[in-house]
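Below is one structure, written out as structure tokens; the observations come after it.
The values are calculated or read from the model by the stated rules, or taken from the named source; none is laboratory data. Predicted model only: the values in this text are computed from it and were never measured. For accessibility, only protein heavy atoms count, side chains too; no ligands or nucleic acids. Shrake-Rupley method; radii C 1.70, N 1.55, O 1.52, S 1.80 Å.
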Amino acid sequence: MPFRRFLKKASTGTAAELCVETETLELRLHTLSLEKKVTAYFEQWRDPVNRYVVAAFGDPEEAEEITQEAFLQLYRQLHSGQSITNVRAWVFRTAHNLAVNRIKSHQFIELLDEDSWEELRGTVVDAAPNPEQRLLRLEKFGRLRTAIARLTPPERQCLHLRTKGLRYREIADILSLGTSTVAETLYRVIGKLTQEHNG
């Protein structure tokens, strides 16, 4: 209300200039708050999205580019006024789609290379008290790697998204599958991994 009273007292030219300046200021504030929001999302989900893309599709350098592009697209969508109800699932789906598009141009899906696998293996805490138990654990980890390598690309993608804490519905949205298909795929994956672990 005070702003309207001010406009009545101001001359027409000054009022128009002030109105334009106010709109510009509101747009800048909106853009700044949007940048902060997207930056917070980026800081929160960058690593999980990046790890998913690396684990599901390979190449860590491309995964970093894909991750950044996914968040850039998030900013563009929100800036254009689009409403996104589940931002986390939207970012994962966008990253997934960007990776699939790159794969289509390369026509292959690459598994983790030896160095990346060793780095991943090194992150697992070794609680084994003696060398024999450590060796057994390394053998189990090797069998796990072999079992994961035998999974089909959709099975690996479902598994990686599930390990990131996404619900079946979110995984289905990201991979453009039905929820029951995701459930069946994960059931199959668990069976294959259990069989390899016990075998």
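Largest first, how would Tyr187, Tyr168, Tyr41 line up by accessible area (1.4 Å probe)?
In descending accessible area the options line up as Tyr187, Tyr168, Tyr41.
Got a sec to turn the phi values of segment 167-180 into Karplus ³J(HN,Hα) couplings, 6.51 cos²θ - 1.76 cosθ + 1.60 with θ = phi - 60°, whole Hz, x for Gly and Pro?
7, 4, 4, 5, 4, 4, 5, 5, 8, 6, 10, x, 4, 5
Compare Leu186, Leu193 by solvent-accessible area with a 1.4 Å probe and give them largest first, with all protein chains kept in place.
Output order, biggest surface exposure first: Leu193, Leu186.
At 1.4 Å probe size, with no ligands or nucleic acids counted, give the accessible surface of Lys36 in Å², nearest ten.
Here the accessible area works out near 150 Å².
From the backbone phi of segment 135-148, what are the Karplus-calculated ³J(HN,Hα) couplings (6.51 cos²θ - 1.76 cosθ + 1.60, θ = phi - 60°) in whole Hz, Gly and Pro given as x?
3J(HN,Hα) across segment 135-148, in whole Hz: 4, 4, 5, 5, 5, 4, 5, x, 5, 5, 4, 4, 5, 5.
Just by accessible area at a 1.4 angstrom probe, what is the order of Ile171, Ile148 from largest to smallest?
So the residues, ranked largest to smallest area, are Ile148, Ile171.
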